[in-house]
Amino acid sequence: MKGLLAPLCLAVTLPLAAQSSTDALLRRAEAAYSKGDHKEALALYDSVNTHFTSASLLFNMGNCWSKLGDVPHAILYYERALRLGPGADDIQANLDQERSKVVDRMNELPSLTLGSLWDKLQGGTDVDQWARRSLWACAIMAAAAIAGTWVRKRLAKRLLTAVAAIALVSTVCSALLAFYRVQQVEDRSSAIIMSPTLDILGEPRPGGTRLFVLHQGTKVGLMQRQGDWQEIRLGSGAVGWVPVGSVEVI
Amino acid sequence: MFKRTIPFFASWVLACTSALAQQITFQATVDRNEIAAGEPVKLTISLENASGGSMTTPDWGGLAVMQGPMESSSFSSINGRMSRSVSRIWYLTATQPGSFVIGPSTVRVGGGTMQTDPITIKVTKGASGSENADVNGAQKKDPNLFCTISLSKSKAYVGEQVIATYTLYYRYNSLQPQNYDLPKLSGFWAEEVDMGSHNTGTTQTVNGLRYNVAVLKKQVLIPLHSGKLRVEPMTLNYLVNPGFFSSGTPVRIQSNTSELNVIDLPGAKPADFMGAVGDLRLEVTVGTPQVKANEAIDLSIRFSGRANLKLIDAPKLNLPPDFDAYDPKINDKITVNGSGMSGSREFQYLLIPRHPGKYDLGTLTFSYFDPTGNSYKQLRSAPLTFDVQTGTENGGATAGGPTKTDVQRLGTDIRYIRTGDLHLRPKGKHLMGSWAYILGMAVPPLLFLFSLLLHRRRKQRLGDLQGQRRRGADKVAKKRLAAAAAALESNDRNAFHDALGKALEGYFADKFNLGVAEVNESTIREKLGDLDGGRTADAYIALISDAQMARFAPMENKPRRQTYDQAAAIISHIEHHLRT
């Protein structure tokens with residue numbers, strides 16, 4: 001009995017302890033950042049990031065990188081933050097500022113955003129928002145349908161049927177949105193170039209034909225991978241190979 | 001002590017001229033043959049018993065004359081015999097070890113010439129090595145006239161003060177300077193040291209030789225970059241021993257080349273380092289800390305001490321944008337003397353606050369490099385705060401309220417980090433697609449299906465009861481109508497109408513779960529509603545009232561068979577259309 005109880009206790013207290021220590025780490029990171037010790041702040045945020053994530057956390061890490069003068073890392077973290085919290089204007093503002101330091105003028109990779117309304121519709125920072133809404137809608141639909149079957153009065157019956165129908169539509173829509181959101185958050189199809197100057201080769205081998213040159217901070221799409229080589233795609237549609245270590249997946 | 005008698009060849013001449021003649025001697029003697037470098041050796045050349053002409057100065061053969069010649073002559077009369085001697089004395093020395101030969105000296109006596117023997121002096125290495133290499137090296141070139149450039153340090157940091165001294169050493173009685181080339185300096189900031197009017201020569205003994213020493217010039221040199229910096233040699237032209245008739249011998253001398261090893265300041269330069277190297281103090285004074293808007297504030301930043309003051313740039317002030325500042329005025333009180341540059345440099349700022357308010361300029365910091373401690377040192381002022389009051393309105397150029405100014409964007413920075421709750425969530429876990437989500441999506445429809453099933457079962461049971469009743473109603477109606485049919489067959493008029501009315505009422509009551517007493521015109525209209533636009537209800541009511549009327553009055557509107565068929569049709573019609 002006791003042997004069974006101990007892991008149970010641990011399972012309950014462990015997340016609590018983790019929560020409080022994480023909070024302490026965040027407070028220390030904030031203090032370090034406000035004092036200008038961006039390196040320390042970054043290390044602290046990074047230790048939090050090993051288990052947890054959020055748009056705000058990634059945004060703060062991007063700020064640390066930016067203050068340390070590392071443009072590609074700052075862009076990488078802002079992009080990650082923007083994926084978790086689309087449409088956040090502070091993230092977008094900082095990302096724009098860092099992008100202005102990138103050498104390559106590139107067509108942005110075609111993105112699926114339809115403007116700020118779409119961004120808002122996706123649920124801001126809360127990835128699970130639509131999933132939760134779909135659950136609610138599903139519950140409402142069932143409740144209305146159940147009530148509709150049992151109610152005798154005709155008018156009430158019709159009303160409840162209408163509610164159930166609307167709830168069904170919302171369930172399907174929000175479930176689709178939630179699914180899309182998760183797909184988007186889990187999307188790993190683009191990357192940021194980390195090497196200051198990078199030759200894009202025509203073949204996945206050293207000494208391949210040099211197609212063009214890119215610089216750090218440029219966003220590229222990822223295609224197939226072959227051993228230590230990664231095929232990338234630019235906004236313009238150009239495709240080439242780079243060593244895997246020279247880019248970092250957003 | 002040695003004596004060398006010099007044999008002479010013209011003694012016979014002297015013997016002829018004077019019977020009383022003594023023996024004539026002409027000899028050179030030294031007090032010692034071996035000296036250490038720098039030590040003096042005394043050379044005496046004496047002529048006895050003759051009144052000769054001038055004796056020639058011997059060739060010194062590399063030895064240097066420290067003193068002399070000194071002449072002495074003596075007469076003596078012993079027993080009527082007169083003797084006299086003339087001697088010249090030199091003190092000679094050598095700056096280098098080696099073997100030196102003093103050449104012969106000649107003198108004309110009577111009609112002949114007498115000559116001394118050459119003397120060899122051995123010079124060993126001297127013990128005195130106190131003079132620096134520059135002087136020794138220069139002395140080697142010409143022991144009588146040379147010049148040196150000496151630096152106070154051989155190794156210095158960039159910006160550190162080094163003092164260069166240009167010195168002339170000479171042993172001639174008189175010198176007349178002609179033209180000179182001062183060394184070209186590259187990589188240095190040079191500052192002339194004011195020598196003053198008391199530029200009198202001193203004497204100094206170098207390797208045993210006594211020199212008149214004149215410091216020609218002193219310079220404070222501040223190296224501007226690291227590496228080996230050279231002070232190129234200077235060239236001087238002199239006329240030596242100019243006399244009344246002769247213009248003197250021209251001599252051209254060149255000094256040594258001095259090298260300075262300049263090293264970069266160690267470590268990372270602090271942001272507030274303005275190139276000052278030395279030892280400094282900072283003094284910040286504010287004229288009036290409380291002013292009105294649009295009035296000037298005097299801010300003076302004063303550096304004093306021993307440093308490369310002339311190379312200090314104006315410190316950057318972190319001024320609020322509402323302040324107008326003019327380029328600072330620089331007041332220098334710098335003296336350059338033999339120990340370097342010292343004094344003070346003052347930057348006077350004129351600040352004009354344009355708007356009232358409390359302004360905090362923070363602490364002014366200034367770093368300099370201390371070459372003795374090999375470290376940077378930071379000077380800090382007291383915090384600078386200004387309390388700017390509202391200015392007098394008539395002082396401003398505009399009337400009627402403050403002037404509007406555009407908000408200027410002074411710089412760009414990224415937005416600040418987010419603080420507080422960061423909405424952290426475990427990585428890679430989403431509600432969508434999780435078991436909880438699937439369960440949450442599956443349970444409500446399942447509940448609904450369950451409820452539907454339950455409802456169906458209940459309805460089935462309920463439907464059975466009603467169906468029974470309905471079938472019962474049919475049955476009762478048929479039964480009632482059957483009774484009416486029997487009465488029709490038996491042609492019993494009263495029984496027929498009684499049975500028909502009861503059948504109609506009973507059917508309706510059973511059909512709509514009413515009591516027989518409740519069956520009346522209004523309930524029929526209500527229940528049958530607008531079935532066929534109310535005609536069914538009308539027909540039903542008409543049938544019932546006809547039956548009631550026919551029971552008590554001996555009149556019939558229609559044949560009984562037709563009435564019966566009508567009743568059967570209407571019941572079956574209601575059954576067909578009201579199945580609820």
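Here is how the numbers come out for the structure above:
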quantity	calculated
A:Gly208 vs. criteria at pLDDT below 90, over 33 Å from the mean Cα position of the chain (by Cα) and part of a loop (DSSP other than H, G, I, E, B)	yes
Condition met for A:Ala178 (assigned to a helix (DSSP H, G or I) and in contact with a Leu (Cβ under 6 Å, 6 or more places away or on another chain))	no
Matching residues, the range B:410-433, being under 16 Å from A:Asn49 (Cα atoms) and within 7 Å of chain A (Cβ to nearest Cβ)	B:Ile417, B:Arg418, B:Thr419, B:Leu422, B:His423, B:Leu424, B:Arg425, B:Pro426, B:Lys427
Residue within the range A:43-56 that is acidic (Asp, Glu), farther than 27 Å from A:Asp128 by Cβ, more than 11 Å from every other protein chain (Cβ to nearest Cβ) and surrounded by fewer than 19 Cβ atoms within 10 Å (Cβ to Cβ) present	no
Residue match in the range B:200-207 (condition: surrounded by 14 or more Cβ atoms within 10 Å (Cβ to Cβ), at pLDDT below 80 and touching a Gly at 6+ places or on another chain (Cβ under 8 Å))	yes
Where B:Phe26 falls short, out of the listed (1) surrounded by 14 or more Cβ atoms within 10 Å (Cβ to Cβ); (2) modelled with pLDDT of 80 or more; (3) within 30 Å of B:Lys125 (Cα to Cα)	(3)
Residue pairs meeting the criteria (Cβ under 6 Å; at least 6 apart or on separate chains; first more than 7 Å from chain A (Cβ to nearest Cβ), in the range B:436-453; second of a type in the set (D, E, K, R))	none
Pair list, Cβ < 9 Å and 6+ apart or interchain, from the range A:58-79 residues that are away from chain B (no Cβ under 11 Å) to residues that are in a helix (DSSP H, G or I) and charged (D, E, K, R)	A:Leu68/A:Lys39; A:Val71/A:Glu98; A:Val71/A:Arg99; A:Pro72/A:Glu98; A:Ile75/A:Glu98; A:Ile75/A:Arg99
Some residue of the range A:121-132 being in a loop (DSSP other than H, G, I, E, B) and on the phi > 0 side of the Ramachandran plot	yes
Tabulated pairs, the range A:217-232, first surrounded by fewer than 16 Cβ atoms within 10 Å (Cβ to Cβ), second of a type in the set (Asp, Glu), C-beta under 8 angstrom, 6+ apart or interchain	A:Met223/A:Glu231; A:Gln224/A:Glu231; A:Arg225/A:Glu231
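Residue-wise test of (1) within 14 Å of chain B (Cβ to nearest Cβ); (2) of a type in the set (Asp, Glu); (3) in contact (Cβ under 8 Å) with a residue 24 or more places away in the chain.
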| position | (1), (2), (3) |
| --- | --- |
| A:Thr171 | yes, no, yes |
| A:Ala178 | yes, no, yes |
| A:Arg188 | yes, no, yes |
| A:Ile192 | no, no, yes |
| A:Pro196 | no, no, no |
| A:Glu203 | no, yes, yes |
| A:Gly207 | no, no, no |
| A:Arg210 | no, no, no |
| A:Leu214 | no, no, yes |
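The values are calculated or read from the model by the stated rules, or taken from the named source; none is laboratory data. Note that the structure is a prediction, hence the values are computed from the model and not measured. Backbone-built Cβ (ideal geometry, glycine too); neighbour counts: all protein chains shown.
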